[in-house]
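Enquirer: Handing you a structure now.
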Amino acid sequence: METILESLKSVNAYPVPLRTLVEITERRGLSLTSEATQADLRGKNYKLATADLLLWLSLAPNISQGGQSYSFTDEQRQQFRNRANALFDEFGEETSSAGITYGYKGSRL
């Protein structure tokens, strides 16, 4: 049987760091090593963990690793955000912050 870790990794082939998955599952009260039962996969905590992961993926950098490249188009990133927001809305959760976005703000540097 599949674990919660394997199930979350199967959301996308992008190499999500283990520490990110640990943080997401701990925030949602899940254990990475526990067996992913049907009840878990249909439950609120797992779906919100999936939403957190999708939001994280929408901000993930394009990378090359071991001769393999991982990149997302702007449209794919928007689809990740839309799916994540739909799951957050389903459970009445505020959109989770998956990181800080840096950039130019204002009229002066």
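The values are calculated or read from the model by the stated rules, or taken from the named source; none is laboratory data. Only a predicted model underlies this, so the values are computations on that prediction, with no experimental measurement involved. Note that we place each Cβ from the backbone using ideal geometry, even for glycine, and neighbour counts take in every protein chain shown. Calculation scope for accessible area: heavy atoms of the full protein, side chains included, ligands and nucleic acids excluded. Shrake-Rupley method; radii C 1.70, N 1.55, O 1.52, S 1.80 Å.
Enquirer: In region 44-62, how many are open to solvent by less than 50 Å² (accessible area, probe 1.4 Å) and either more than 17 Å from S10 (Cα to Cα) or among the charged types (D, E, K, R) (or both)?
Expert: 1
Enquirer: Further, regarding this structure: Considering region 22-36 alone, what residues qualify as being more than 12 Å from L5 (Cβ to Cβ) and open to solvent by less than 50 Å² (accessible area, probe 1.4 Å)? Working first, answer last.
Expert: Keep residues of region 22-36 that are more than 12 Å from L5 (Cβ to Cβ), which gives 23, 26-29.
Answer for region 22-36, where residues must be more than 12 Å from L5 (Cβ to Cβ) and open to solvent by less than 50 Å² (accessible area, probe 1.4 Å): just R28.
Enquirer: Please go through region 1-38 and give me each residue that is among the charged types (D, E, K, R) and under 19 Å from A60 (Cα atoms), ordered by number. Show your work before the answer.
Expert: Taking region 1-38 and keeping what is among the charged types (D, E, K, R), we get 2, 6, 9, 19, 23, 26-28, 35.
Those that are among the charged types (D, E, K, R) and under 19 Å from A60 (Cα atoms): K9, R19, E23.
Enquirer: May I ask you to say which residue of G66, G106, G92 is over 16 Å from the mean Cα position of the chain (by Cα), on the phi > 0 side of the Ramachandran plot, open to solvent by 80 Å² or more (accessible area, probe 1.4 Å) and at pLDDT below 95? Spell out the reasoning first.
Expert: Working: G106 fails: open to solvent by 80 Å² or more (accessible area, probe 1.4 Å); G92 fails: open to solvent by 80 Å² or more (accessible area, probe 1.4 Å).
The conditions single out G66.
Enquirer: Which numbered condition trips up T73, out of (1) hydroxyl-bearing (S, T, Y); (2) touching a residue at least 12 places away in the same chain (Cβ under 8 Å); (3) open to solvent by 50 Å² or more (accessible area, probe 1.4 Å)?
Expert: (2)
Enquirer: Can we say R19 is out of contact with any Cys (no Cβ under 8 Å at 6 or more places or on another chain) and loosely packed, with under 15 Cβ neighbours inside 10 Å?
Expert: Numbers: out of contact with any Cys (no Cβ under 8 Å at 6 or more places or on another chain): yes; loosely packed, with under 15 Cβ neighbours inside 10 Å: yes.
So R19 passes the test.
Enquirer: Could you please let me know if L41 is of a type in the set (A, V, I, L, M, F, W, C) and more than 12 Å from the chain's Cα centre (by Cα)? Give the steps one after another, and end with the answer.
Expert: Numbers: of a type in the set (A, V, I, L, M, F, W, C): yes; more than 12 Å from the chain's Cα centre (by Cα): yes.
Yes; evaluated as a whole, the condition is true for this residue.
Enquirer: Do we find that T101 is modelled with pLDDT under 95 and either over 26 Å from M1 (Cβ atoms) or surrounded by 13 or more Cβ atoms within 10 Å (Cβ to Cβ) (or both) in this structure?
Expert: So T101 passes the test.
Enquirer: Between a first residue in region 29-50 that is on the phi > 0 side of the Ramachandran plot and a second residue that is not hydrophobic (A, V, I, L, M, F, W, C), which pairs have beta carbons less than 7 Å apart while being 6 or more apart in sequence or on different chains?
Expert: Partner pairs satisfying both residue conditions: G29/N45.
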